[in-house]
Amino acid sequence: MIEYHKDIESLLENLKDDVISSKNSSLMTINKNMFMLYWKIGNLILMRQNEDCEDEFISTAAQYFRTQFPNNLGFSEKNLKNMLNFAVEYESQNLVQNIASKISWSCSVVLIDKIRYADKRMEYMNEVIKKGWTMERLVKEIDLHCGMAGNDEEDTHEEKKQDGEEQFFENKDIITSKVDNFSQNDDNDKKESINDSPFIKDIISSEEMDQTSKNEVKDYSLILRDEYLIDFMGYLNEGKREYFQEQFIKCTIEFFLGLNSGFALIGSRYHVEFSGGDYYIDLLFYNLKLKCYIAVELKIGKFRPEYMGILTFHLSILDESVKGKDDSSSIGIIICKDDEKLIVQYAFKDMEKPEDAEYRLNEDIPPQLQGMLPTVEEIGCEIRERLKFV
């Protein structure tokens, strides 16, 4: 029996690795196809740039794509310009297919925008792959490095040029030298091995990708997680909604915890059992100063009257099965994102007779709680501002 359980455990671990590896392979293929499409479009725009009409072409293309693929982030004017920059910086098709497409498009845009030298880009790209950095983390790391280094990188570049040793190359210099062999070999159907290029030796090797330790198979879905990829895969409604919901939750948590007024997060999608049923509260906080639970319901779309019923029911469950005898009555907050508007409502019990009172929506905070809770205006403005960057 013991041997049987050991075999099952090993089998399931191997199956888990197979699931992750299969998912990685699928995501890598899709991401590579997206990068190649963006690179092709970028080169078409580059041709128009040589004719001094790239702006007109970008505007016309964006309008056309808007009619063909409504709400698609990938074909906005801004991203079409990103494609142009990408094509300028990466002339080699093999470089795009085998190296650049191993990270998310958003990370790639950040590297092109912030890092001048190609070899330094490769170093950051390697870190993204190896450590699973998000775009936000990549930006922080670049800003931190630049802040610490100041102009050292530029000074070092100039010094080494004077010494006759060119250690740093602009991306175009690299592409027009060794990496040009990629394009020449494409014409002859003879592809040079990636590892043969001295300019990309720091990028994670294909062997490392294929022979990852069984005990630690890296999940590349975290590295490639990007709204551009969601768009490209066609999950325009469901995928975007799920992504936005996650960011909505994240921004709301950051806001309340950043108040430094006693809010402690108990959990998101907090599970409560009541009368044999399972119920989930979007966000549950406990306020250490008020000594009460605060339930936050997050909604996307038009505000509906039934949201009040959901919130008050959840508050009743909290009071019945979670609240301690020394805790005050729970407080509810509805935050509804309707297009550019953010509708915020509190739900309080009558503070004078909490035992007999019912919960009611109210924009005004009771006098005894004023100064201890953020106003609906503060909640709305702060969270709406945070969501601008989503």
Handout entry: Qualifying residues in the stretch 21-74 (those that are more than 14 Å from MET233 (Cα to Cα) and of a type in the set (Gly, Ala, Ser)) - the one surrounded by the fewest Cβ atoms within 10 Å (Cβ to Cβ)
Key = SER22
Completion exercise
Selection over the stretch 262-278 where residues are within 28 Å of the chain's Cα centre (by Cα) and either over 17 Å from GLN245 (Cβ atoms) or surrounded by fewer than 17 Cβ atoms within 10 Å (Cβ to Cβ) (or both) yields a count of 7
Handout entry: Set ASP327, ASP339, ASP364: member being of a type in the set (Asp, Glu), under 28 Å from CYS251 (Cβ atoms), out of contact with any Leu (no Cβ under 7 Å at 6 or more places or on another chain) and at pLDDT 90 or above
Key = ASP327
Handout entry: PHE35 being assigned to a helix (DSSP H, G or I), over 24 Å from ILE230 (Cβ atoms) and of a type in the set (Phe, Trp, Tyr)
Key = no
Completion exercise
Of the residues in the stretch 370-390, those that are part of a helix (DSSP H, G or I) and either charged (D, E, K, R) or at pLDDT 90 or above (or both) come to VAL376, GLU377, GLU378, ILE379, GLY380, CYS381, GLU382, ILE383, ARG384, GLU385, ARG386
Exercise for the section: Select from the stretch 288-308 the residues that are touching a residue at least 40 places away in the same chain (Cβ under 8 Å) and not aromatic (Phe, Trp, Tyr) and list them in ascending order. Expected result: LYS289, LEU290, VAL296, LEU298, ILE300, MET308
Exercise for the section: Might you check whether a residue that is aliphatic (A, V, I, L, M) and modelled with pLDDT of 90 or more occurs anywhere in the stretch 65-83? Expected result: yes
Handout entry: Selection count where residues are out of contact with any Ser or Thr (no Cβ under 6 Å at 6 or more places or on another chain) and touching a residue at least 24 places away in the same chain (Cβ under 8 Å), scope the stretch 271-283
Key = 5
Practice task
Please specify each residue of the stretch 283-338 satisfying the condition of being in contact with a Gly (Cβ under 6 Å, 6 or more places away or on another chain), in a helix (DSSP H, G or I) and under 17 Å from VAL376 (Cα atoms).
Solution key: LEU311
Practice task
Could you check, for the stretch 71-79, whether at least one of its residues is among the polar types (S, T, N, Q), in a helix (DSSP H, G or I) and farther than 18 Å from ASP226 by Cα?
Solution key: no
Handout entry: Candidates ASP338, ASP327, ASP364, filtered to the one that is surrounded by fewer than 15 Cβ atoms within 10 Å (Cβ to Cβ) and in contact with a Lys or Arg (Cβ under 7 Å, 6 or more places away or on another chain)
Key = ASP338
Exercise for the section: Evaluate the following for ASP18: is it part of a helix (DSSP H, G or I), out of contact with any Pro (no Cβ under 6 Å at 6 or more places or on another chain), assigned by TED's automatic domain parsing to the domain that holds ALA118 and charged (D, E, K, R)? Expected result: yes
Exercise for the section: Identify, from the list ILE300, ILE334, ILE317, the residue that is in contact with a helix residue (DSSP H, G or I) (Cβ under 9 Å, 6 or more places away or on another chain) and modelled with pLDDT of 90 or more. Expected result: ILE334
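The values are calculated or read from the model by the stated rules, or taken from the named source; none is laboratory data. Keep in mind that what you see is a predicted model, and the values were worked out from it rather than measured. A quick note on method: Cβ atoms are made from the backbone with ideal geometry, for glycine too, and the neighbour counts reach across all protein chains shown.
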